[in-house]
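What follows is a set of notes on a single structure, which appears directly below.
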Amino acid sequence: MNTSVETNSLELVGITSGYGTTTILRNIDLTVPAGSVTALLGPNGAGKSTLLKTVSGLVRPTRGVVRFGGDDITKLPTSERAKRGLCHIPEGRGIFRHLTVRENLQLQAGPHHEDELIERCTAAFPILGQRLNQRAGSMSGGQQQMLSMARAYAHNPKLILVDEASLGLAPILVDEIFRFLRQVADEGAALLIVDQFITRALALASRVYVMNRGEFVFSGTPGELEKDDVFNRYLGSD
Ligand SMILES: Nc1ncnc2c1ncn2[C@@H]1O[C@H](COP(=O)(O)OP(=O)(O)OP(=O)(O)O)[C@@H](O)[C@H]1O
Ligand SMILES: [Mg+2]
């Protein structure tokens with residue numbers, strides 16, 4: 001079990017990154033262990049999405065090291081990171097709206113694993129099983145989010161970066177998505193989640209980082225955060 005913790009974990013050391021000449025993240029150190037959820041919280045514009053993009057390779061750091069499963073992946077392209085089991089679910093879901101649910105899932109499978117993959121995904125989200133032939137873009141926002149999660153799950157990822165999965169969803173769907181995230185972590189994956197539902201995110205997470213203006217102003221357990229001034233200063237209530 002310990003070896004899988006070692007192989008699955010993400011580590012950022014001294015990361016500075018941004019867009020063009022604009023620096024957004026400054027000297028970031030962060031660790032995401034396998035088999036648990038780490039929450040990344042902070043006000044709008046703090047740099048949370050930029051951090052996730054830096055991990056998946058969409059944004060290149062100007063300083064520092066990104067390690068995944070003990071390997072230095074700082075210079076690897078996004079596609080190579082994905083092959084190693086790193087999955088980024090971006091804001092806005094990243095599904096193919098004009099394709100059916102089945103086709104969206106098929107795109108994740110090699111030619112020989114299609115049935116198995118669809119079975120695995122529909123077991124996780126039964127609603128998708130009833131809608132395999134429906135165009136993804138015609139489903140509700142919550143169902144589209146489930147499809148987006150299912151596509152990530154299909155890869156059996158070692159690390160999942162989830163950016164605002166619950167944005168705009170009804171509480172009952174948020175519950176379902178959070179239950180799913182819990183299950184994926186319990187199966188051994190490392191999860192780094194950004195979410196506006198602070199209370200729910202804290203209930204799921206075993207570690208939390210709070211970011212403001214591209215720097216961490218807190219790292220610790222959810223229990224420690226709730227007792228800290230940082231909570232009221234940067235997070236308020238949800
Ligand atoms: N493609 C981009 N080019 C230039 N600046 C960007 C780009 N994307 C984001 N930024 C800037 O980087 C800063 C951090 O943005 P980021 O999206 O990482 O924040 P965030 O914490 O995810 O915010 P939110 O909670 O609103 O999603 C902001 O000042 C934003 O304007
Ligand atoms: Mg964001």
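The values are calculated or read from the model by the stated rules, or taken from the named source; none is laboratory data. As the structure is a prediction and not an experimental result, all values here were calculated from the model. FYI the Cβ positions are ideal-geometry reconstructions off the backbone, even for glycines, and counts take in every protein chain you see.
For the condition closer than 18 Å to Glu11 by Cβ and within 16 Å of ligand 2 (Cβ to nearest atom), Leu58 does not qualify. In the condition set (1) at pLDDT 90 or above; (2) surrounded by 14 or more Cβ atoms within 10 Å (Cβ to Cβ); (3) in a helix (DSSP H, G or I), Ile118 is compliant with all but (1). The residues of the range 36-63 that are more than 15 Å from Val208 (Cα to Cα) and more than 16 Å from ligand 1 (Cβ to nearest atom) amount to a single one, Arg63. Checked against (1) within 16 Å of ligand 1 (Cβ to nearest atom); (2) touching a strand residue (DSSP E or B) at 6+ places or on another chain (Cβ under 6 Å); (3) among the aliphatic types (A, V, I, L, M), Ala152 passes all but a single condition, namely (1). The residues of the range 38-47 that are surrounded by 20 or more Cβ atoms within 10 Å (Cβ to Cβ), under 17 Å from Leu167 (Cβ atoms) and either at pLDDT below 95 or within 12 Å of ligand 2 (Cβ to nearest atom) (or both), listed by number, are Leu40, Leu41, Gly42, Ala46.
Give the residues of the range 134-174 that are of a type outside the set (Gly, Ala, Ser), more than 22 Å from Thr38 (Cα to Cα) and under 17 Å from the mean Cα position of the chain (by Cα), sorted by residue number. Residues satisfying the conditions are Gln144, Leu147.
For the range 87-94, the count of residues that are among the basic types (Lys, Arg) and within 21 Å of Arg182 (Cα to Cα) is nonzero. In the range 14-37, the residues that are over 24 Å from Ile160 (Cβ atoms) reach residues that are of a type outside the set (S, T, N, Q) and not in a strand (DSSP E or B) with C-beta atoms within less than 6 angstrom, at least six apart or across chains, in these pairs: Arg26/Gly214.
Out of Thr54, Thr50, Thr74, Thr62, one residue alone is hydroxyl-bearing (Ser, Thr, Tyr), at pLDDT 90 or above and assigned to a loop (DSSP other than H, G, I, E, B). It is Thr74.
A quick yes/no check of all residues on (1) buried (at least 17 other Cβ atoms within 10 Å of the Cβ); (2) more than 28 Å from Arg84 (Cα to Cα); (3) not polar (S, T, N, Q):
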position: Phe125; (1), (2), (3): yes, no, yes
position: Asn133; (1), (2), (3): no, yes, no
position: Ser140; (1), (2), (3): no, yes, no
position: Asp163; (1), (2), (3): yes, no, yes
position: Ala170; (1), (2), (3): no, yes, yes
position: Leu191; (1), (2), (3): yes, no, yes
position: Asp195; (1), (2), (3): yes, no, yes
position: Ala205; (1), (2), (3): yes, no, yes
position: Val210; (1), (2), (3): yes, no, yes
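Just checking, does the range 16-25 include any residue being at pLDDT below 95, touching a helix residue (DSSP H, G or I) at 6+ places or on another chain (Cβ under 7 Å), surrounded by fewer than 15 Cβ atoms within 10 Å (Cβ to Cβ) and at positive phi? Looking for residues that are at pLDDT below 95, touching a helix residue (DSSP H, G or I) at 6+ places or on another chain (Cβ under 7 Å), surrounded by fewer than 15 Cβ atoms within 10 Å (Cβ to Cβ) and at positive phi, one finds none in the range 16-25, hence no. Scanning the range 65-113 for residues that are basic (Lys, Arg), surrounded by 13 or more Cβ atoms within 10 Å (Cβ to Cβ) and within 20 Å of the chain's Cα centre (by Cα) returns Arg67, Arg81, Arg84, Arg93.
Look at the range 197-213: where a residue is closer than 23 Å to Leu25 by Cα and in the same structural domain as Thr31 (by TED's automatic domain parsing) and a partner is basic (Lys, Arg) and modelled with pLDDT under 95, sitting 6+ places away or on another chain with Cβ atoms under 9 Å, you get Asn212/Arg233.
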